[in-house]
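Novice: Here you go, one structure.
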Amino acid sequence: MTALGFLYPGHFAEDDYPRIEQLLAGGIRVDTVHTDAGEGVYGVEALRRSGAPERLAAGVEELRLAGAETVVWASTGGSFVYGWEGARDQVRALARQAGMPASSTSFAFVHAAREIGAGRVAVGATYPADVASLFTDFLRAGGVEVTGVRAAGTVSAAEVGTWGEEDVLTLARAADGPDAEAVLLPDTALHTAAYVPLLEKALSKPVLTANQVTVWEALRLTDRRVNAPELGSLFTREPIIQV
């Protein structure tokens, strides 16, 4: 049994994680501990507060007692708002506190894009434009070219948590462009685990979503590979590079 640990801010789309666990088809346990999401709004300072060291540290002991082998901070906005180096420091501190390998959803997107060989991506962000631009800056710092970005302008994770299949598909289509080799949907408050095959069929290209890449990143940290077609191209391809 491989035990994966996640620190998830608040209560928005956390039910994606048990769904993903089921789709991984045995031998993998997904443990999710909820951290304080604070205001749950998509402002830069609010997102920085959600990723503060003391908020992450509060959930680490519970994951350790559950037997987690790795921990991923399951928040895109709560990591990329610190910039590349700040997010790296955040993950390093988390690894020291947890005593196990650690990462975050923002780094998961960079690693996943490399894994599928997508050097050029389009971004469909639920966030306001200023927050979305920080994510594209983060991707570029990781060597991923952004061909275009669609910012939906929502102001809170609670609102995004109510989105359904058509909302997600509309955002992905609006973001996509002919130069993009993949489309990224960077918000762990967005339900996507049930929609990845639909999205990839509609766009005819890989789609990387926040909760999907977060779980993949935890598996990567444990050197575990799983073939799970219902989770999209990321879970069916042979590795292209070693990260």
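Read-outs throughout are calculated quantities, based only on the coordinates presented, and are distinct from any laboratory measurement. This one's a predicted model, so the numbers in the text were calculated from it and none came from an experiment. Backbone-built Cβ (ideal geometry, glycine too); neighbour counts: all protein chains shown.
Novice: State the antiparallel share, in %, of DSSP beta bridges confined to the chain, rounding to the nearest 5.
Specialist: Close to 5 percent.
Novice: Here's a follow-up. For the chain, which longest stretch is free of loop sites, where a loop site is one of the trypsin sites (Lys or Arg not before Pro) that DSSP puts outside H, G, I, E and B and that has at most 14 other Cβ atoms within 10 Å?
Specialist: In short, 1-224.
Novice: Can you find, among Pro197, Thr209, Leu221, the residue farthest towards the positive end of the dipole of the range 160-243? Put +1 on the C-beta of Lys and Arg, -1 on that of Asp and Glu.
Specialist: Comparing the listed Cα positions along the dipole, Leu221 ranks first.
Novice: About the Cα centre of the chain, what is the dipole size in debye to 20, counting +1 per Lys and Arg Cβ and -1 per Asp and Glu Cβ, all else neutral?
Specialist: 580 debye
Novice: Continuing with this model, one more query. At 222 nm, what helix-only mean residue ellipticity would the chain give, in deg cm²/dmol to the nearest 500, using -39500 (n - 2.57) for each DSSP H run of four or more?
Specialist: -13000 deg cm²/dmol
Novice: Treating only the Cβ of Lys, Arg, Asp and Glu as charged (+1, +1, -1, -1), what charge dipole size does the range 109-209 show about its Cα centre? Round to the nearest 20 debye.
Specialist: 200 debye
Novice: OK, next. Under a 5 Å amide H to amide H cut-off, with H placed in plane at 1.01 Å, what residues pair with Thr70 once short-range neighbours are removed?
Specialist: Gly5
Novice: Calculate how large, on average over all directions, the projected area of the Cα convex hull of the range 109-209 is; give the answer in nm² to one decimal.
Specialist: Convex hull of Cα atoms, orientation-averaged projection: 5.5 nm².
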